[in-house]
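These notes concern the structure reproduced below.
The values are calculated or read from the model by the stated rules, or taken from the named source; none is laboratory data. The shown structure was predicted, so the numbers you read here are calculated from the model rather than taken from an experiment. Glycine also receives a Cβ, built like all others from the backbone with ideal geometry; neighbour counts cover every protein chain displayed. Surface areas here come from the heavy atoms of the whole protein model, side chains and all, with no ligands, DNA or RNA. Shrake-Rupley method; radii C 1.70, N 1.55, O 1.52, S 1.80 Å.
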Amino acid sequence: MTDSLRWVKSSYSNNGGQCIEWAPEHAAATGEFLVRDSKDLNGPQLTLTREAFAGLVEFARQHG
């Protein structure tokens, strides 16, 4: 299922290749926030709750 997802690179991931991507349409449809490493498209994915994803975004804002 995740092969057909549209992945979006985080705007906070512009620090020399340490990038993550997420699937916003999947999150809107299911409430599951999928996150993956943009350098390993076939690698593992995290499935986060809305609260955990918000915490990840806040961490990225604070630690850029």
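Extending 7 Å from the Cα toward the beta-carbon at both THR30 and GLN18 defines two label points whose distance is 2.8 nm. Per residue, the solvent-accessible area of the range 8-63 (1.4 Å probe, heavy atoms of protein chains only, all protein chains present) comes to 67 Å². Cα gyration tensor of the range 8-63, axes a ≥ b ≥ c as square roots of the eigenvalues: rounded (a/c below 1.5), prolate (a/b > b/c) or oblate? Oblate shape, in that a/c is at least 1.5 and b/c is the bigger or equal ratio.
Taking the 1.4 Å solvent-accessible surface of the range 8-63 as the whole, the part contributed by carbon and sulfur is 54%.
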